[in-house]
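Inspection log for the structure reproduced underneath, given as structure tokens.
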Amino acid sequence: MIFSPSLALVKKSLFGREFPGRGAFFAANFLVGDIQTGIMPLLAVYLLLSEHWKAVAVGESLAFGGLVTLLAQPIAGSMADQIVSKRAFFLVLVSLFAAGCFLLCGSHPSFGLILLSQALIGVAQAGIVPVLSSVAMGLVGNVRFSGVLGKAQGITHAGSVFGAAAVIFLTSQSFSVNIFVFYGISALAAGFILLGVPGRKIDPLRAREAEGAEGISSIRQLFTPALIFFLSLLFLFFVANTAMLPLAGEKLSGISSLSPGRVMGILVLATQGVMIPFSLLAPSIIRRFGSRFLLSAFFILLFLRGGILFMATSMEGILLGQVLDGMVTGVLSVLLPVLVSEFGKGTGRFNLLQGIAGTVVSAGGSVSQLLSGESIKFWGRDKTFLLLGGLSLGIWILHLAGNQFRGFAKKEDE
């Protein structure tokens, strides 16, 4: 009994105020971090170094998965707005993810099998994040959304750290396709755990940020100049950012004797370990500095990361680049849905906007993979880091120019 007040204080600091089904909600977020973050970079390194695929073929297969996600995300977001049973929809999505993972468990997978796996995983990833955000919005509403989301993202990144540690353990001797079995089982577990959130407590109108059943905006009304400019910046950021992690993994594999799985496990572990505190602190950071300043800082840090990875000749240098990635991504994982929620407030299209933003992110990621694949052929891996870093510097200049747009500045300052 002596320790009960202290335990209650710790519990409150970690999870915030009570809301229905918060334990199940946060547990599902933990497992989502476990399954989502590492699988694409891990698959890239597996195909490159264990199956000896050419970089162009790997880039094409990953780009296909990104294309599927790109096309599916607006549909998944719209479905998340309209489907009342968020938990059942989530269970379907994670089942597709698990099926895609299990397809990777055979020896020497063919190009066609990899594409099928990427299609299933891509469809699942299109909807997983919007549905979980929809559940959070439906449970607590817009006022508490950023606080709950910050904690959820911190727990998600903790799940990614756990997943990376599991990868390192599973590959302690050599690379094993059991990693993909692990991801598939974790995905199914997330789906069943979310059923612990009381479905009747998820307000379907609040979950889509609708002011009433009749107050749903048309899709055309959503696309203001401010939103279009914001989505353009988002696209370019992920063009510059996405390919850096698998390229860093490939570079680290070339200068160390570690297996491919352990290399990616270490990189993901380092990145996600930094993301945890920055996600938890993100609501406070956003309130203190504002979104415009943070977006500028993200572009500069991405530029520095490209330069560090270009010059790195040791594991320490590469890990430093991943620390910068963890800082940026930790805050951005909270800032992005919060900005989307502000654009979607009162429209009843919150989850559709999340899907559109996710499509933009996926499009940027796909272009990043294709760009890096072509760049490697002509200039090599290290100069590709310079190319991506230089692109981020150009985006920063564009962002500064865009701050002159009165509508965009006004939207950010609200």
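Any read-out appearing in this document is the output of simple, stated calculations on the displayed coordinates, not a laboratory observation. Keep in mind it's a predicted model, so treat the numbers as computed, not measured.
For the chain, modelled as a Gaussian network with Cα springs under 10 Å, which listed residue fluctuates most, GLU316, GLU374, GLU60? For the chain, modelled as a Gaussian network with Cα springs under 10 Å, the answer is GLU316. Considering only alpha-carbon pairs that sit under 8 angstrom and 6 or more positions apart, the relative contact order computed for the chain is 28 percent. For the chain, the membrane-span-like helices by this rule, meaning whole DSSP H stretches whose C-alpha atoms cover at least 27 Å of axis and whose Kyte-Doolittle mean is 1.6 or above, are 111-140, 291-311; this says nothing about an actual membrane.
Hey, what number do you get for the chain at 222 nm if only DSSP H runs of n ≥ 4 count, each worth -39500 (n - 2.57), divided across all residues, to the nearest 500?
Roughly -27500 deg cm²/dmol at 222 nm, from the helical runs in the chain.
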